[in-house]
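Enquirer: Here it is, the structure in full.
The values are calculated or read from the model by the stated rules, or taken from the named source; none is laboratory data. For clarity, every value in this text was computed on a predicted model and none was experimentally measured. Don't worry about glycine lacking a Cβ; one is built from the backbone with ideal geometry, like all the others, and counts go over all protein chains shown. The accessibility values were calculated without ligands, DNA or RNA, using every heavy atom of the protein model including side chains. Shrake-Rupley method; radii C 1.70, N 1.55, O 1.52, S 1.80 Å.
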Amino acid sequence: ATDIATSSACADAKVVTVSDIQDTTAANHPAKDTEVKVTGIVTAVDQNPSSTSNKFTGFYIQEEGTGGPYKGLYVFHSWLDTDTIKPPAVGTKVEVTGIYTEYYDLSEIKNVTEIKDLGAGTVPDAITVTAADIQLTGDYQKYEGVLVKVENVTVKELVQNTDKSKTYGFKATDGFEVKNDLFDFVGSTPPAANDTYTSITGVLHMYKDAPQIIV
């Protein structure tokens, strides 16, 4: 017992809301790279179908209630297919403890130490935004991790690997990408250039300063 030292110097994780993290003007906005505890409804699980090592690489949570700006957040956490503990299901209310950080200006929780299942919740409805809203020149950071819907989308070109054996999504003529991290095009017909969609619904994600709607 004398070999074990106890201390009261370790601070508890800062309890915050998703909006506290995403809105840098919020009074309770946490400092970057600090431990936080945040609660939300799981809106999507990133299955990363192109990966061969980690099939599940994170999930998105959103505050309960009506969707809107600053309400969504990405949780980065990888599971192997063989892991006993599986990612939380869409619609589950969870309490996540981990480190808040910014990855290429994407707000996220990493180094997750606990994901507590709080039972069933209701996934907020997607909010309709314009293509301009989610561009780097717009207010894209307001919609990070939020379920959004963009109407009247036209395919500019597919995003594929070198030999074109896999399709990861497509670039829209409006300047954003649609990426299929939530399902695989294998077994279904991928889109083609000039195809049009009445609307695209998914979670807004930023990867290396490029806006993507994850579907």
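Enquirer: From the residues in segment 122-143 that are in a loop (DSSP other than H, G, I, E, B) and open to solvent by 80 Å² or more (accessible area, probe 1.4 Å), which one is farthest from Lys71 (Cα to Cα)? Talk me through it step by step, then tell me what you get.
Expert: Within segment 122-143, the subset in a loop (DSSP other than H, G, I, E, B) is 122-126, 129-130, 135-139.
Remaining after also requiring open to solvent by 80 Å² or more (accessible area, probe 1.4 Å): 122, 125, 136-137, 139.
Working: Thr122: 14, Asp125: 12, Leu136: 19, Thr137: 20, Asp139: 14 Å.
So, considering only residues that are in a loop (DSSP other than H, G, I, E, B) and open to solvent by 80 Å² or more (accessible area, probe 1.4 Å), the one farthest from Lys71 (Cα to Cα) is Thr137.
Enquirer: Still on this structure, I have one more. Check off (1) at pLDDT 85 or above; (2) surrounded by fewer than 17 Cβ atoms within 10 Å (Cβ to Cβ); (3) within 25 Å of Ile61 (Cβ to Cβ) for Thr154 and give me the number that stays unchecked.
Expert: Only one criterion in (1) at pLDDT 85 or above; (2) surrounded by fewer than 17 Cβ atoms within 10 Å (Cβ to Cβ); (3) within 25 Å of Ile61 (Cβ to Cβ) is unmet by Thr154, namely (3).
Enquirer: Hey, among Val153, Val112, Val146, which residue is β-branched (Val, Ile, Thr) and either in contact (Cβ under 8 Å) with a residue 60 or more places away in the chain or under 13 Å from His205 (Cα atoms) (or both)?
Expert: On the way: Val153 fails: either in contact (Cβ under 8 Å) with a residue 60 or more places away in the chain or under 13 Å from His205 (Cα atoms) (or both); Val112 fails: either in contact (Cβ under 8 Å) with a residue 60 or more places away in the chain or under 13 Å from His205 (Cα atoms) (or both).
Being β-branched (Val, Ile, Thr) and either in contact (Cβ under 8 Å) with a residue 60 or more places away in the chain or under 13 Å from His205 (Cα atoms) (or both) holds for just one of Val153, Val112, Val146, which is Val146.
Enquirer: Check segment 144-152 and report whether any residue there is outside any strand (DSSP E or B) and aliphatic (A, V, I, L, M). Please lay out each step first, then the result.
Expert: Initially, segment 144-152 is screened for residues outside any strand (DSSP E or B), giving 144-146.
Remaining after also requiring aliphatic (A, V, I, L, M): 146.
There is at least one residue in segment 144-152 that is outside any strand (DSSP E or B) and aliphatic (A, V, I, L, M).
Enquirer: Can we say Leu106 is aliphatic (A, V, I, L, M), out of contact with any Leu (no Cβ under 7 Å at 6 or more places or on another chain), closer than 14 Å to His205 by Cα and buried (at least 18 other Cβ atoms within 10 Å of the Cβ)? Outline the logic, then answer.
Expert: Values: aliphatic (A, V, I, L, M): yes; out of contact with any Leu (no Cβ under 7 Å at 6 or more places or on another chain): yes; closer than 14 Å to His205 by Cα: yes; buried (at least 18 other Cβ atoms within 10 Å of the Cβ): yes.
Yes; evaluated as a whole, the condition is true for this residue.
Enquirer: Moving on to the next point. Residues being over 18 Å from the mean Cα position of the chain (by Cα) and part of a strand (DSSP E or B): count how many of those fall in segment 12-31.
Expert: Qualifying residue count for the region: 2.
Enquirer: Does segment 159-169 contain any residue that is surrounded by fewer than 14 Cβ atoms within 10 Å (Cβ to Cβ), closer than 20 Å to Tyr207 by Cβ and not hydrophobic (A, V, I, L, M, F, W, C)? Can you show your working first?
Expert: Just the residues of segment 159-169 that are surrounded by fewer than 14 Cβ atoms within 10 Å (Cβ to Cβ), to begin with: 161-165.
Restricting the remaining residues to those that are closer than 20 Å to Tyr207 by Cβ gives 161-162.
In the following step, the residues that additionally are not hydrophobic (A, V, I, L, M, F, W, C) were identified as 161-162.
Checked against the condition, which is being surrounded by fewer than 14 Cβ atoms within 10 Å (Cβ to Cβ), closer than 20 Å to Tyr207 by Cβ and not hydrophobic (A, V, I, L, M, F, W, C), segment 159-169 yields at least one hit.
Enquirer: Further question on the same structure: Among the residues of segment 40-67 satisfying the criterion of being at pLDDT 60 or above and assigned to a loop (DSSP other than H, G, I, E, B), which is surrounded by the most Cβ atoms within 10 Å (Cβ to Cβ)? Step through it out loud before you land on a result.
Expert: Looking only at segment 40-67, we keep the residues that are at pLDDT 60 or above, and these are 40-47, 55-67.
Filter once more, keeping what is assigned to a loop (DSSP other than H, G, I, E, B): 47, 55, 57, 63-67.
Details: Gln47: 19, Lys55: 18, Thr57: 17, Glu63: 21, Glu64: 15, Gly65: 10, Thr66: 9, Gly67: 19.
Checking each candidate, the answer is Glu63.
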